[in-house]
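Encoded as structure tokens, the structure appears first; notes follow it.
The values are calculated or read from the model by the stated rules, or taken from the named source; none is laboratory data. Just so you know, these numbers come straight off a predicted model, no measurement behind them. For neighbour counting, all protein chains shown are included, and Cβ atoms are generated from backbone atoms with ideal geometry for every residue, glycine included. We work out accessible area using only protein heavy atoms, side chains counted, and drop any ligands, DNA or RNA first. Shrake-Rupley method; radii C 1.70, N 1.55, O 1.52, S 1.80 Å.
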Amino acid sequence: MKEVSFIRRHIDKWRNLETVVENAAAESPDVLADAYTDITSDLAFAQTHYPQSRITLYLNNLTSALHHTIYRHKREKWSRVITYWTREVPQTMYNARKALLWSFLIFVASVLIGAVSQGHDTDFVRLILGNGYVDMTLENIENGEPMAVYDGGDEAMMFFGITVNNILVSFRIFVMGIFTSIMSGLLLFMNGVMLGSFQTFFFQQSLGAESMLAIWLHGTLEISAVIVAGAAGITMGNGWLFPGTYSRLTSFKRSAMQGMKIVVGTVPMFIIAGFIEGFITRHTEWPDAVRLTIILLSFAFVVFYYIYWPSHLRLMVKVQQ
């Protein structure tokens, strides 16, 4: 990119950053953090492509001023934690909305593939979950306890084990983005096929409704978090594939930071999902209305936090500008 094009593309943003520096005391920590991320990325690009230019010196001075301002006005408050979850993660999700859409589409397509495959071949689920798990489930069905798999072992230990495993799965999907977004998409695909075949298996046993009330009791949050983790991996992987005006390394660093913020944001969802699976899912005797209410509330939260709230925050920012 020619230097003049680079300047024209970013000059308005730099002027806004100058205003941020001048009014730093009144700005929120997340605004300062986003501003610092933007200016350091632009500086890195300028240092790479225009090392002797005056614009590089200008960006270096602006970066130094912002760095000094941030640490001079640094606030160590518990409100920072609240701001992280209520503003920073949703704002990052808005920026990654296309990645979230792709992650959702990949997962839905893979669920359908798993369901169709199981519909055509009743043994397909054995290739995905293994003979041991399928035979155990069939035995539970014969004993009149199809959801007995959720009723085994100590509740606390089950909660801990499930939560840790799910968090590791989400971080694995994210980390695979290092090898491009295609690899994160592949892991999403595998998980989707597993869910589709497993759910269809229960419908084939005439237990579709009961299985959905049990599985989606915790699965609404759990599966949603997996899709969000997929968005994090796709975001990071796209940094390699589509660097834009930045160097490939700079673009990757930016996207990796965004992806990490997204995947960390899924941890509370996995904790809640693990709690539900460990302590609540096993209670199949609970009224269907109660279990359905929990599922609907979980779904409403996902839609609100990952779709509505990010868009609402973005609209608020535009109004303020």
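Only one of these conditions is not met by residue 295: (1) exposed (fewer than 14 other Cβ atoms within 10 Å of the Cβ); (2) at pLDDT 95 or above. Which number is it?
(1)
Picking from 66, 43, which residue would you name as being of a type in the set (A, V, I, L, M, F, W, C) and either open to solvent by 30 Å² or more (accessible area, probe 1.4 Å) or modelled with pLDDT under 80 (or both)?
None of the others qualify; the one that does is 66.
Considering each residue of region 46-59, count those that are surrounded by fewer than 16 Cβ atoms within 10 Å (Cβ to Cβ) and out of contact with any Ser or Thr (no Cβ under 7 Å at 6 or more places or on another chain), and give that number.
Of the residues in region 46-59, 6 are surrounded by fewer than 16 Cβ atoms within 10 Å (Cβ to Cβ) and out of contact with any Ser or Thr (no Cβ under 7 Å at 6 or more places or on another chain).
Can you tell me which residue is least open to solvent (accessible area, probe 1.4 Å) among those in region 84-96 that are in a helix (DSSP H, G or I) and more than 16 Å from residue 316 (Cβ to Cβ)?
Step one: list which residues in region 84-96 are in a helix (DSSP H, G or I), which gives 84-95.
The next check asks that each one be more than 16 Å from residue 316 (Cβ to Cβ); those that pass are 84-85.
Working: 84: 43, 85: 79 Å².
Once the filter is applied, the top-ranked residue is 84.
Every residue, every condition in (1) open to solvent by 80 Å² or more (accessible area, probe 1.4 Å); (2) modelled with pLDDT under 95, yes or no:
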| residue | (1), (2) |
| --- | --- |
| 101 | yes, no |
| 104 | yes, no |
| 109 | no, no |
| 135 | no, yes |
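Of all residues in region 182-198, which are of a type in the set (Gly, Ala, Ser) and either within 18 Å of residue 168 (Cα to Cα) or open to solvent by 20 Å² or more (accessible area, probe 1.4 Å) (or both)?
Matches in region 182-198: 184, 185, 192.
How many residues, within region 269-285, are touching a Phe, Trp or Tyr at 6+ places or on another chain (Cβ under 6 Å) and at pLDDT below 90? Spell out the reasoning first.
Residues of region 269-285 that are touching a Phe, Trp or Tyr at 6+ places or on another chain (Cβ under 6 Å), as a first pass: 274-275, 278, 281-282.
Checking the rest, the ones that are also at pLDDT below 90 come to 278, 281-282.
Residues flagged as touching a Phe, Trp or Tyr at 6+ places or on another chain (Cβ under 6 Å) and at pLDDT below 90 within region 269-285 amount to 3.
Looking at (1) in a helix (DSSP H, G or I); (2) surrounded by fewer than 23 Cβ atoms within 10 Å (Cβ to Cβ), which is the one condition that is false for residue 201?
(2)
Find all pairs meeting these conditions: Cβ atoms under 6 angstrom apart; at least six residues apart or on different chains; first residue within region 109-129 and closer than 12 Å to residue 190 by Cα; second residue assigned to a helix (DSSP H, G or I) and open to solvent by 50 Å² or more (accessible area, probe 1.4 Å).
What qualifies is 110/189; 128/194.
Within the group 244, 230, 259, 274, which residue is buried (at least 18 other Cβ atoms within 10 Å of the Cβ) and closer than 30 Å to residue 6 by Cα?
When all the criteria are applied, what remains is 259.
Look through 189, 275, 242, 252 and report the one residue that is within 28 Å of residue 139 (Cβ to Cβ) and either touching a residue at least 40 places away in the same chain (Cβ under 8 Å) or out of contact with any strand residue (DSSP E or B) (no Cβ under 6 Å at 6 or more places or on another chain) (or both).
One residue alone meets the criteria, 275.
Tell me, which residue of region 298-312 that is surrounded by 17 or more Cβ atoms within 10 Å (Cβ to Cβ) and hydrophobic (A, V, I, L, M, F, W, C) is farthest from the chain's Cα centre (by Cα)?
Step one: filter region 298-312 for residues surrounded by 17 or more Cβ atoms within 10 Å (Cβ to Cβ), giving 298, 302, 305-306, 309-310.
Of the ones still in play, those that are also hydrophobic (A, V, I, L, M, F, W, C) are 302, 309.
Values: 302: 11, 309: 15 Å.
Going through the qualifying residues, I end up with 309.
Restricting the search to region 139-161, which residues are under 15 Å from residue 210 (Cβ atoms) and either in a loop (DSSP other than H, G, I, E, B) or open to solvent by less than 70 Å² (accessible area, probe 1.4 Å) (or both)?
140, 141, 143, 144, 145, 146, 147, 148, 149, 150
How many of the residues in region 280-289 are over 25 Å from the mean Cα position of the chain (by Cα) and either open to solvent by less than 60 Å² (accessible area, probe 1.4 Å) or within 14 Å of residue 155 (Cα to Cα) (or both)?
If we filter region 280-289 for residues that are over 25 Å from the mean Cα position of the chain (by Cα), which is where we start, we get 282-289.
Among the residues that remain, those that are also either open to solvent by less than 60 Å² (accessible area, probe 1.4 Å) or within 14 Å of residue 155 (Cα to Cα) (or both) are: 282-284.
Number satisfying all stated conditions: 3.
Only one of 192, 196 is closer than 30 Å to residue 96 by Cα and within 18 Å of the chain's Cα centre (by Cα); which?
It is 192.
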